[in-house]
Structures are given as C-alpha cells and as structure tokens.
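Here the structure comes first, spelled out in structure tokens, and everything after it is commentary.
The values are calculated or read from the model by the stated rules, or taken from the named source; none is laboratory data. Given the structure is predicted, the values throughout are model-derived calculations rather than measurements. In this analysis, Cβ positions are derived from the backbone assuming ideal geometry, glycine residues included, and neighbour counts consider all displayed protein chains. Side chains included, ligands, DNA and RNA excluded: accessible areas come from the protein's heavy atoms. Shrake-Rupley method; radii C 1.70, N 1.55, O 1.52, S 1.80 Å.
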Amino acid sequence: VPLPQIIRVQSPEGVKRITATKRETVATFLKKVAKEFGFRNNGFSVYTNRNRTGEITASQNKSLNLLKIKHGDMLFLYPSSPAGSSSETMDTSVSQSLRPAGAPQVVEDEIDQYLIKQDGKIYRNRDQQLCRHGPLGKCVHCVPLEPFDEDYLNHLEPPVKHMSFHAYIRKLTGGADKGKFVALENISCKIKSGCEGHPPWPEGICTKCQPSAITLNRQKYRHVDNIMFENHTIADRFLDFWRKTGNQRVGYLYGRYTEHKDIPLGIRAEVAAIYEPPQIGTQNSLEILEDPKAEVVDEIASKLGLRKVGWIFTDLVSEDTRKGTVRYSRNKDTYYLSAEECITAGNFQNQQPNICRLSPDGHFGSKFVTVVATGGPDNQVHFEGYQVSNQCMALVRDECLLPCRDAPELGYAKESSSEQYVPDVFYKDIDKFGNEITQLARPLPVEYLIIDITTTFPKDPVYTFSISQNPFPIENRDVLGETQDFHSLATYLSQNTSSVFLDVVSDFHLLLFLVTNEVMPLRDSISLLLEAVRTKNEELAQTWKKSEQWATIEQLCSTVGVPLSGLHEYGAMGGPAHAAAAAMWACQHCTFMNQPGTDHCEMCSLPRT
C-alpha cells in the first residue's frame, strides 16, 4: 500500500496541505486542489516554481512520482481570473474572502477625488527654543503632523471635536498594511435574509442572522466640517416669511462642496440658494408636502453646477417686537435638535448617501447637513448646523427609532415585535457616584446622535446669483400674496433696468419659474441660458435672449397690464405688435385676456380692477 504524502500548495489566500500518494495522477491531484480551494471550472494554474514556471497540467496524465513531486514539496497556485471576478470561478465561501474591501468601481464626488490626492499633513516651522538642529533638519518639535492629530485639533481656536472624514480615512489607511483590510461597513439593524437553519422571525433566530446590539458612541469624524452661506441676502429672504407671518418655514439648501482649509482635509458646504417646497407651517409645527417639481428642481440645479447639500428650518419665537429680539430656546438645558428633527435629518441623509470607495456597499454616511435658524444667547437669530451620526442613520433607515411625545429631547428605541426584530440599543452614562454605566436606550437622549457643524457667513460675500432691490418672488409663498406668475415676472422685468441681461435672469427662483410654469414651460430649451448663468457668460445669455422662447415670454408678460418701460430693453422682437398686446388686460378674477377699451371682463362680467 503506497504511503500517503502531504503536498503544500501556496495561493494568494494562504497555504493548504493536500494529501496524495506517489502513484496518484496529476488530474486526480488537481481535482483535490480545486475542491480544497473551492475552485470551479479549473480557474487556476499550479506551478512548481514561484516565478510561474514548471506548470502542472491535467493533460500530462502522469503520476506525481514521475514529476518528482515528493512529500513536503511546495507548489504554487495562481487564479487564472482577475481578483475582481474571482467569484465566477470560486465557491461563494471563498469569493467572500477574496472580495476587495472597497468598491473601486464607484465614482466619488469631485471634492473627495481632490482631497484623496492632497498631502494633508500639518507642516510646522522650526521651533527657535526647542529645535537643536540646522534649518534643513527635522525633529519631534517640527516634524509634520498627521491630519488626524487630536492634540493639534484640540488646540485650534475654537477647538475641533471631530476630525474630517478624509483625515479619518488617512488614520485607517496609515498603518503598515496601508489600509489593505479597511472596510467601512454600514450598520444594519435588520435580520440577515437567507438563513435556512430555522423558521423565519418570530418563530426563530440564530447568531448568524441576528443583528448585533448597538452601543451609541460619539462619532470621531464628520463628513462636512463647515457650512457657509454665500451672502446674507440668501438667509434674509428665507427669514422674511417668518417675519411677515410668524409661521415657521423649511427649505432645501442648494450649493456645492468645496475644501475647508481651516481643518486638515476638511469639506465645506457652500449654500448658493434656498428652495422652499410646498409645506404647511404654523407657529410651532411644519409639514412638508409632496413636491411634484422636486425632480425638475434637482435637474435645473445640476445644470447650474449646484446640488442639494442640506435642509434648513426656522424655530423662532419673537420675544420683544420693539427690539427685534427672539427667544433663546435651544440650549444645553433643553435640547439642540428634537428627536423628531433627528429622525427627519436621518431620513434625508439616507436619501443622500456619501459615495465611498472603501465601503463594500459603495456608500458610507452622508454629506447632507441640517441648519436651524433659532434664537441665540444674545436673543438674535443664529444659524446652527448639525448632522446626525451614521448610527442614527442606521436606526432611522431600519425604523428602530421613535420620538417621545412629551419630551422632544428624548428618543425611544423600538421594542421587538412579531413583525420586526429590533436589536438592543445602549448608551453610556455617568451615575451619581461618577461611575460609567451602560443604559438601555428606552428612552435615549438625542445628543448621542448629533454632530455639530460651524455655520458661517463670509467677510467678502459671494454671489452665484445676482441680487436685486426688487427680487423675483420665491416659490410656494401664495399665503403671503407673493405669487409666481407672468404678472410678477413682468413687474420684475420692468423694475430691473440693468443693461446686462445676464444679471436680470441670474435668479434661482426666476429660472425655476421659467422651467416649471404651466403656460410656457422651458424645460427643453433653457439649457443654453442655464449654461450662461453657470459660467457667467453674457454673450451666451444674449444669444438665448434672441430665441423664440424669450420673445414668447415677453409677449405673455406684456399682456398682463404692467407698464413695460423697462421690459422693452430685453425684447427680442419689439415693434407694433407689442403696443397692441400691451393694451390687452387680464381679469384679476378669472385671468381671461380681454381686448383693449373694455371696462368689464368678457368672461365673468366683473369690472376691471
């Protein structure tokens, strides 16, 4: 009986020992190798030398003894398919181990691609007192610091509690393995599907499919480090609604992500415009209604080089109308964000995920920010920026978090039911004796879920869109009597007598009206104008001004009875037709266009007002 011998086979995934005999054929031996490594369809090659020479093939039909392979020899295995497609030739169990930690096929945001290429280190000058070396030398007192250095961040003015997300990535990938095994896993609070060893929940559950318990920790990083409004006018126009009605207001922030140079590898959200969706607001509540124009707004913003970067809402209560002060209601003694607002923010952040190459899912966290306009310590309006943590996003996504009815500062982790399994959620607290204790998150203080972000206005205002003394009305403000129609467009054009056409049309709310109005929507023919506004190209704007679309809009404006002294400057046609059209008037009750010289509407018979 031939004695068994052990042949070692080394692969990119490690070494395995194969038991064989001297008289065993190569084909039989390779089948054992395929079974041991989990390969299918012979998607591999085996060599006697590490440099891929001396290949052993099944077609040789020889015994191992004839090939001079003996007990204890080392053979070398190389998959014949690339690592990314290894799942096609290997069993699932093996393909999981070969799967790359990240998702390199995703395209990250421009700002992320830019920051990846940056050095990021914090360079220091030579210390005159501590450094004992020459001008070209380096020591511990002047060597560059890593962007995630906590001592440096804590000694900034003001101190920075959260490192930037890219600094956090540098920390993960900065070891000896250069982040080879780094994978930013998204938290899941749901039972894993496909577990066949037991009946489905609620009849059965096991450790393989059961989600892990969650202990809430302060997130060490943040995806956005600063929020900056381009100018005060953007915020003032948003606040005007509260000033005129006393009701709260919500809006979406449109802008872009840029580098924030005050923090190593930081990201800033620059706000260029605020879009106000359909909503119902009272003095102490807000309800966002379904917006049929949401998709179009995102499309227009994209063509203008903008994207939705966050949302903003007011929580303002007037304290003294003579002084113009507001109540300071959000502070350490009450709350900064209520549980309901945290859940809403988490929902928005889940809708706007952050594309990330280091996550197996292709996304991790979110850059979507929350801004609250509320009273500050000086009883003036302050803008406070926040995000909720990735743990909060997971709890909201999997419907595990509820608000408390009578305590806005507390959330509540749901309990498991027959319809849904909810993992235990814990947080750490300090008891009256100074000991750290672990508490079940029923209820849960929401400050464990919040990350604060500084919100600023620049010393030198920036204007993506032009500012007018008589601006075009903001959408969805019919309650104030501010409507977007051709009458308001004609009024706007007649009051803005600038000779630069680009300045006149460079208004976010005006452009939205031109695209979404029901009479003359320009969704398919406004791309040239949007490109002109994006690049601030007056010649391109003049080219679009001569189009039929603008001529038609001018005629529609001239029929609403507004004096057209300023409007003719922007006309594409001009001539007698305008004079005739100008004499027509629109009924204020039914909007019917009546012929000149009539005092009563031909449609509803009501007098002209």
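Within segment 359-383, being farther than 22 Å from Arg307 by Cβ and either open to solvent by less than 10 Å² (accessible area, probe 1.4 Å) or assigned to a loop (DSSP other than H, G, I, E, B) (or both) holds for Pro360, Thr374, Gly375, Gly376, Pro377, Asp378, Asn379, Gln380.
Exactly one residue among Asp119, Asp151, Asp127 is of a type in the set (Asp, Glu) and either open to solvent by 90 Å² or more (accessible area, probe 1.4 Å) or under 25 Å from Arg218 (Cα atoms) (or both), and that residue is Asp151. Looking at Glu287, Glu319, Glu340, just one residue is touching a Lys or Arg at 6+ places or on another chain (Cβ under 6 Å) and either surrounded by fewer than 17 Cβ atoms within 10 Å (Cβ to Cβ) or within 26 Å of Phe364 (Cα to Cα) (or both), and that residue is Glu319. A count restricted to segment 18-54 and to residues that are in a helix (DSSP H, G or I) and of a type in the set (Lys, Arg) stands at 3. Restricting attention to segment 470-497 and to residues that are more than 31 Å from the chain's Cα centre (by Cα) and free of Cβ contacts under 8 Å to residues at least 12 places away in the same chain, the residue that is farthest from Val515 (Cα to Cα) turns out to be Gly481. Picking from residues in segment 176-196 that are under 30 Å from Pro423 (Cβ atoms) and without any contact (Cβ under 8 Å) to a residue 24 or more places away in the chain, the one that is surrounded by the most Cβ atoms within 10 Å (Cβ to Cβ) is Cys195. Exactly one residue out of Pro423, Pro408 is over 30 Å from Phe229 (Cβ atoms) and either in contact with a Ser or Thr (Cβ under 8 Å, 6 or more places away or on another chain) or crowded, with 18+ Cβ neighbours inside 10 Å (or both), and it is Pro423. For the residues Gly281, Gly255, Gly246, the requirement of being under 18 Å from Asn354 (Cβ atoms) and in the same structural domain as Phe348 (by the TED database) singles out Gly255. One residue alone among Phe508, Phe457 is open to solvent by less than 20 Å² (accessible area, probe 1.4 Å) and under 30 Å from Ile263 (Cβ atoms), and that residue is Phe508.
Selection of segment 353-381 for residues being out of contact with any Asp or Glu (no Cβ under 9 Å at 6 or more places or on another chain) and either small (Gly, Ala, Ser) or at pLDDT below 95 (or both) yields Leu358, Gly362, His363, Gly365, Ser366, Pro377, Asp378, Gln380, Val381.
Specify which of the listed residues (Lys303, Lys332) is surrounded by fewer than 18 Cβ atoms within 10 Å (Cβ to Cβ) and touching a Leu at 6+ places or on another chain (Cβ under 6 Å). After applying the criteria, what remains is Lys303.
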